[in-house]
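**Q** Have a look at the structure that comes next, please.
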Amino acid sequence: MTALNLSPSDTLLISMFQLAFRLKHDCEFNRLSKKYPKAVIAHWCNFVTEYLDIESDDPETASKIRRDLIHLTKRGFRILRENAVDDRTQMVSLTCNHRRESSIDNIIEQHRCLLLHPVLYHDGWEHYRIIAFDEKKLPKMFRSLEKEGEVKIIMKRRMNESVRESFIVSTDELFSKVTKKQAEALLTALEHGYYKVPRKIRFEDIAKLRKTPRTTFEEHVRKAESKIMISIAPYISMHLSKPKGGFHTHPRNLSSGGSSRVTLDTIRVDPHL
């Protein structure tokens, strides 16, 4: 077996970045998300099998999406297995009818990036998370992606942790004990600026806009906060156990290596995500 020898100068050059972006791309599953903008479609693909986890906003939409998926069989897809978790959520596996060489996955991989599944489809956008192993290739990659559709960069940060620590924490793990009313109240508080510093609005003001008693609205928010904080407590503990210094983020301009319309001058989150 051949040994892999890296000199100290080589190891210093290894610098990884995590990025999140969304793409308005024309494909079967994104057309579904455009047709049913409130549905969320999580997609895994290995170019042999497609796996979809689809959450709809109501049972009627779920039925319509299922009918549309059946119509995909006319375009070369074949449904292998399907399962309705409830009247709003369905899981479907299909034979893959996509060619790797013309895929978004291929564009990402050709520029020394690793795609982190699942890809999410929502409201006519495809949402991607990637790990980049060569920052200089990013401008070219985004120029290639722009040929497929409109691109919006959501986040970019330097990774000082291992790759395995970059994967998403399960939403079931975080929100399984949060009721729908509690989640809606928490999201409303976020959207109205309650958590901004300095605070932009009071509970009384949000409750009045929602035509809900202040005590009821505040109770929903407080319970959601408590349950989520208890769920993430183990991850806070693990984070505190890391070496001093923590994670450092270095904003960059992605167009520094060439003239690309897609730039990221500051680390930010797209407010419309």
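**Q** Does residue 112 satisfy the condition of being basic (Lys, Arg), assigned by TED's automatic domain parsing to the domain that holds residue 67, buried (at least 17 other Cβ atoms within 10 Å of the Cβ) and more than 25 Å from residue 74 (Cα to Cα)?
**A** no
**Q** Let me ask another. Would you call residue 256 among the hydroxyl-bearing types (Ser, Thr, Tyr), modelled with pLDDT under 75 and over 23 Å from the mean Cα position of the chain (by Cα)?
**A** Taking the combined requirement at face value, the residue satisfies it.
**Q** Among the numbered criteria (1) modelled with pLDDT under 90; (2) surrounded by fewer than 18 Cβ atoms within 10 Å (Cβ to Cβ); (3) outside any helix (DSSP H, G or I), which single criterion is violated by residue 164?
**A** Of everything listed in (1) modelled with pLDDT under 90; (2) surrounded by fewer than 18 Cβ atoms within 10 Å (Cβ to Cβ); (3) outside any helix (DSSP H, G or I), residue 164 misses just condition (3).
**Q** Next question. For residue 19, indicate whether it is touching an Asp or Glu at 6+ places or on another chain (Cβ under 6 Å) and in the same structural domain as residue 103 (by TED's automatic domain parsing).
**A** no
**Q** Restricting attention to segment 66-78, does a residue exist that is farther than 30 Å from residue 153 by Cβ, surrounded by fewer than 17 Cβ atoms within 10 Å (Cβ to Cβ), in contact (Cβ under 8 Å) with a residue 12 or more places away in the chain and touching a Cys at 6+ places or on another chain (Cβ under 6 Å)?
**A** Checked against the condition, which is being farther than 30 Å from residue 153 by Cβ, surrounded by fewer than 17 Cβ atoms within 10 Å (Cβ to Cβ), in contact (Cβ under 8 Å) with a residue 12 or more places away in the chain and touching a Cys at 6+ places or on another chain (Cβ under 6 Å), segment 66-78 yields no hits at all.
**Q** Okay, next question. Is it fair to say residue 66 is touching a helix residue (DSSP H, G or I) at 6+ places or on another chain (Cβ under 7 Å), in the same structural domain as residue 150 (by TED's automatic domain parsing) and of a type in the set (Lys, Arg)?
**A** When the stated conditions are applied, residue 66 does not pass them.
**Q** Further question on the same structure: Could you please find all residues in segment 197-219 being closer than 24 Å to residue 230 by Cβ and surrounded by fewer than 12 Cβ atoms within 10 Å (Cβ to Cβ)?
**A** Matches in segment 197-219: 197, 199, 215.
Residue-wise test of (1) touching a Ser or Thr at 6+ places or on another chain (Cβ under 9 Å); (2) in a strand (DSSP E or B); (3) assigned by TED's automatic domain parsing to the domain that holds residue 29.
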| site | (1), (2), (3) |
| --- | --- |
| 90 | yes, yes, yes |
| 118 | no, yes, yes |
| 128 | no, yes, yes |
| 142 | yes, no, yes |
| 154 | no, yes, yes |
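The values are calculated or read from the model by the stated rules, or taken from the named source; none is laboratory data. Note that the structure is predicted; figures quoted are calculated from it, not measured. Cβ coordinates were reconstructed from backbone atoms using ideal geometry, including for glycine residues, and neighbour counts include every protein chain displayed.
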